Structure formats: structure tokens, C-alpha cells
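Data first, discussion second: the structure below is written as C-alpha cells.
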Amino acid sequence: QKEVEQDPGPLSVPEGAIVSLNCTYSNSAFQYFMWYRQYSRKGPELLMYTYSSGNKEDGRFTAQVDKSSKYISLFIRDSQPSDSATYLCATRNAGGTSYGKLTFGQGTILTVHP
Amino acid sequence: KAGVTQTPRYLIKTRGQQVTLSCSPISGHRSVSWYQQTPGQGLQFLFEYFSETQRNKGNFPGRFSGRQFSNSRSEMNVSTLELGDSALYLCASSLGTSGRASINEQFFGPGTRLTVL
């Protein structure tokens, strides 16, 4: 079983829809949680970063972490065709020598059609 | 500020050969991490180098190795290539150290697409 599970989709929604992307993790040592977006033929780029349980909002994006149930989510409001990409959740341990080691979910392919 | 660069962008090799991939981090970044991305396994961590020392290692066989130079540029080598090594190899650079408000964000390069025939 993978340490981070993510439904690969694909997910297809109409423009303007609210998108919900989710991951679960099994390792309690994971303390930092990230969402990356990857366009075709590009490297991943960081969208959101959270540490505490709760919500974090940035424009149309909201990241949610529930450490008690080991569940992380990303919500995209008013989705746009330009949001079409693969979304990857990622986690890492806290501090020490773990900075450079991220554990990723499988990635969810999202298509937003006009 | 220039981003992370990787060379070459595309590579075709045959089984049994070896390959070396190169990564130039963002100026000032001392940490370079390498990942393998495949449709079946997703993004998997290979190893991380910080100040020329391997600081973290993933669960890959010894055929996968790397090194980092004094200017933080990094190379990874795969010996005795297998068909299953076909993948997108991504490197990411970061500061590598903590700060009060630092999340040590990793910035990814565009990757090297390796095809093993």
C-alpha cells in the first residue's frame, strides 16, 4: 500500500464548477502537506502549502488538512479551462534532514471544459 | 532568476547501457532532489543531495546513483538500463535549510524523458 493514496481520475468538469481533489496518507510522521500542479511536458509547480489541520485559502484555491483522519483536500472554485492539469498532493516529515524528500500521491488528471 | 534546468530533455537508450542526466539548480539553492515519474508509479523520490553529500535516499536499486558538485549542480547516473527505467526524471532544487518562515519549497525542472528500448 502506498503511503499517500490519491484517486487518479480522470476528472472532467464544466467551466465554473467547484472541484474537489483528495488524498489520504498513512504515515503519522508526515507533517507538511503540499499541492502541486503539473501541466503537460512541464515540471510540477507548488500551488499550496499547509502545516496545521484546518483550511488555508489562496484566491480560488483552498487546501484543507485533517490530521486526525489523515486526509488532505484541495478545492478549486470557479474552475477555468486553464486549470486543466494534473494535481499532485505531496507530504514530508518535519524538519531535520527531511527537507528534500517529498512523498507524492499518484496525481489526479483534471480537465475543465468550456 | 533562472529556473532549474535539466539536460538533455530527451534521451533514447538501449537495455544494458548507462546514462547520465544533469541538473542545474536555481542560484543559491544547495539542495537537489531527484524523482522518477511513471504512469504506473507516479512521482517517486530517488535521492537528495545537499552540499555535495547524499542526505536522503529512496527505495531504488544501486544502479541509480548521483552526485553533487561544489557549485550545487547535480548528476544522476543509471547503469545497466532496463526497460522499466523508461520514465520522466525530474530534479528539484531548494534552499535545503530551515528558516522561521521557510517552507523549503522545491522548484522543479522540466525533466528528462528517458526511453529505454
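General remarks:
- Net +/- balance of residues flanking B:T53 in space, Cβ distance below 13 Å, scoring K and R +1, D and E -1: +2
- Top of B:R73, B:R15, B:R30 by mean-square fluctuation, Gaussian network on chain B, Cα under 10 Å: B:R15
- Chain B: relative contact order as a whole-number percent, Cα under 8 Å and 6+ apart: 35 percent
- Theoretical FRET efficiency, 1/(1+(r/R0)^6), r = Cβ-Cβ of A:A17 and A:A94, R0 22 Å, to 0.05: 0.05
- If you plug the beta carbon distance of A:H113 and A:E57 into 1/(1 + (r/R0)^6) with R0 = 22 Å, you get a FRET efficiency near 0.30.
- Alpha carbon centroid spacing (whole Å) that separates region A:67-95 from region A:8-25: 10 Å
- Loop-located GluC sites (Glu not before Pro) in region A:1-69 (DSSP state not H, G, I, E or B) with no more than 16 neighbouring Cβ atoms inside 10 Å: A:E3, A:E15.
- Net charge contributed by nearby residues that have their C-beta within less than 9 Å of B:S22 (K/R +1, D/E -1): 0
- The simple spin-label model puts a point 7 Å past each Cα toward its Cβ; for A:K67 and B:S65 those points are separated by 4.0 nm.
- Within straight-line cross-link reach of A:K70, lysines at Cα separation under 26 Å, skipping those fewer than 8 residues along the same chain: A:K2, A:K56, A:K101, B:K57
- Among A:L88, A:L74, A:L47, residue whose mean-square fluctuation peaks in a GNM of chain A (springs only between Cα atoms under 10 Å): A:L47
- Peptide B:35-45 has a mean of 5 when you count, residue by residue, the C-beta atoms of other protein chains within 10 Å of its C-beta.
- Taking every C-alpha pair closer than 8 Å and separated by at least 6 residues, the mean separation divided by the residue count of region A:1-85 gives a relative contact order of 33 percent.
- Theoretical FRET efficiency, 1/(1+(r/R0)^6), r = Cβ-Cβ of B:R15 and A:L46, R0 41 Å, to 0.05: 0.70
- Here the Gaussian network model covers chain B, with springs between Cα atoms less than 10 Å apart; of B:L21, B:L90, B:L81, B:L81 fluctuates the most.
- Spin-label model distance (nm) - B:N77 vs A:E3, 7 Å beyond Cα toward Cβ: 2.7 nm
- Averaging the Cα positions of each part gives two centres, and for region B:12-91 and region A:28-46 these lie 18 Å apart.
Quick note: the coordinates plus some simple rules give every number you see, no bench work behind them. Quantities reported herein were computed from a predicted structural model and do not represent experimental measurements. Note that each Cβ is placed from the backbone with ideal geometry, even for glycine, and that neighbours are counted across all protein chains shown.
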